[in-house]
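Data first, discussion second: the structure below is written as structure tokens.
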Amino acid sequence: MSKLAEIDAWLQENLPVLLAEHQVPGAAVAVFAGGEVIDHAAGVLNTDTGVESTVDSVFQIGSITKVWTTTLAMQLVDEGRLDLDRPVRAYLPEFALADEDAAARITVRQLTSHTSGFEGDIFTDTGQGDDCVAKLVATLSEVPQLFAPGEMFSYNNAGYCVLGRVIEVLRGKSYDECVRDHLFAPLGLTHAAAGPYDAIRYRAAIGHLQPSPEDAPRPAPVWALARSNAPAGSTLAMRPRDLLTFVRMHLNGGRADDGTQVLAPESVRAMRERQVELPDLGLIGGAWGLGWMLFDWAGGPVIGHDGGTIGQSSFLRVVPGHDVAVALLTNGGQPLRVYLEIFRKVLGDLAGVEVPALPEPNAAEAPADAARYVGEYSSRVADTVVSQDEDGRLWIEHTAKGVMAEASGSGATDKAELLGWRGDTLVATHPQLPGAYMSHAFVGDDGDGRALYLHTGRADRRVG
């Protein structure tokens, strides 16, 4: 039996067990290796209706969309119509932020690598019209700058909406049309949707929310985030097999399965080149390329991306050196544990890649300097307070707000002890993610030894 056949049998037996163990209502997974694709599904798409998940079901891919958006941008680079190192204003003269100097200097490349520096969790609903992305970009004029353009990494959804708007302007059509015409069509995708009005034509999953581990996952009240955030990942949905068709194009020098050249080979390579290093977080890559997360794992290199929408989570990892890829799409519960079990098995057996353990609090690893961490940190979607008690223990109080409170189903304050993990990266003593612990990296120096930012992938600035 081939290794892929062994994986096929393993998934058949273990996928339903893993979903039940980790309260995931439904999921679908696809694996590419040796020129072949296998896929499996288990569970239900909606706990209210009981409709079963199948390999032809479509799930939202969330922020994996950002790799698609970058691919659309790189097609324009191939055509000589877009220069990554020109300012965004060369294409969007109206682009404005609270910091005029930053708005004038931010480049297209910085949008793709999350280094533009302005606060990025802006999910304003500007309607369902084809002008929704343009309207969202127009609302950014009061958005603050966290750091100078190019200085560091901070995950930025709004930056990708700006990138999507650049694509719309250069193509003269909506983002959804760009995805359909320049990626869905040349790739020959048969089960892919640019939004809810497309997704309804298929067997579509709905996300499930779980305010606490004691609660059973329940269907979310809405299917998707606002269409205005489509370039960042609010609406794109597909089956895992179609997601891997897109990946195969990237593995095959930019050629689709039928030989169509969708992306130039040099652009495929450029997307994998390191653009910025990340703090040690353990949950996302060690660096970022153009669109891609870059993982420094034993047996790699590995590229990929994850996604999260309202109750749906997606995971994609690709090992270019072995032409191996795996995609997992889920609709609630504690999917990170399912991801870890499946990806360790698949990538280990098929590519010799070691998927590292998720961060966990370590009582034996004392935080280096408590005074460096204590303080208040804030963004538009969360307020965080780090404090120290009389016994010297560190505590973190996190209050989600805005769209993040809506997505989690709770705006309550969550308090936990902070323990060491690695260096200036600490971990809370109970999970703050579905089925996993959140790592908190304290970065920068205010001149008095205190961290300037609390970094969880997003850099929240110290306030007060």
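The values are calculated or read from the model by the stated rules, or taken from the named source; none is laboratory data. Remember, predicted model here, so these are calculated numbers, not experimental data. Glycine gets a Cβ as well: all are built from the backbone with ideal geometry, and neighbour counts include every protein chain shown.
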Tally, over segment 296-339, of residues that are under 15 Å from Val67 (Cα atoms) and free of Cβ contacts under 8 Å to residues at least 40 places away in the same chain: 4
Would you be able to tell me the number of residues in segment 312-344 that are touching a helix residue (DSSP H, G or I) at 6+ places or on another chain (Cβ under 8 Å) and crowded, with 21+ Cβ neighbours inside 10 Å? 18
Quick one: would you say Gly332 is among the small types (Gly, Ala, Ser), part of a loop (DSSP other than H, G, I, E, B), out of contact with any Lys or Arg (no Cβ under 6 Å at 6 or more places or on another chain) and within 29 Å of His208 (Cβ to Cβ)? yes
What number of residues in segment 54-86 are under 24 Å from Gly457 (Cβ atoms) and part of a strand (DSSP E or B)? 2
For segment 122-132, check the following and say yes or no: at least one residue is closer than 28 Å to Ser314 by Cβ and either outside any loop (DSSP other than H, G, I, E, B) or in contact with a strand residue (DSSP E or B) (Cβ under 7 Å, 6 or more places away or on another chain) (or both). yes
Is it the case that some residue within segment 337-355 is over 15 Å from Val302 (Cβ atoms), under 18 Å from the mean Cα position of the chain (by Cα) and assigned to a strand (DSSP E or B)? no
Only one of these is assigned by TED's automatic domain parsing to the domain that holds Gln23, of a type in the set (A, V, I, L, M) and under 22 Å from the mean Cα position of the chain (by Cα): Val108, Val44, Val51, Val58. Name it. Val58
I'd like to know if segment 26-34 contains one or more residues that are part of a helix (DSSP H, G or I), surrounded by fewer than 24 Cβ atoms within 10 Å (Cβ to Cβ), outside the structural domain of Tyr160 (by TED's automatic domain parsing) and not aliphatic (A, V, I, L, M). no
Just one of (1) more than 15 Å from Tyr453 (Cβ to Cβ); (2) touching a strand residue (DSSP E or B) at 6+ places or on another chain (Cβ under 7 Å); (3) modelled with pLDDT of 90 or more trips up Gly409, so point out which. (3)
Within segment 233-248, does at least one residue satisfy the condition of being assigned to a loop (DSSP other than H, G, I, E, B), touching a helix residue (DSSP H, G or I) at 6+ places or on another chain (Cβ under 7 Å) and β-branched (Val, Ile, Thr)? yes
Members of segment 68-82 that are over 16 Å from Gly253 (Cα atoms) and of a type in the set (A, V, I, L, M): Ala73, Leu76, Leu82
Against the definition (in contact with a helix residue (DSSP H, G or I) (Cβ under 7 Å, 6 or more places away or on another chain) and touching a residue at least 40 places away in the same chain (Cβ under 8 Å)), how does Gly282 come out, yes or no? no
Residue under evaluation Gly449, criteria (1) touching a helix residue (DSSP H, G or I) at 6+ places or on another chain (Cβ under 9 Å); (2) modelled with pLDDT of 90 or more; (3) surrounded by 18 or more Cβ atoms within 10 Å (Cβ to Cβ); (4) not charged (D, E, K, R), criterion not met: (3)
For Ala98, state whether it is of a type in the set (A, V, I, L, M), in a loop (DSSP other than H, G, I, E, B), more than 20 Å from Gly233 (Cβ to Cβ) and not assigned by TED's automatic domain parsing to the domain that holds Ile303. yes
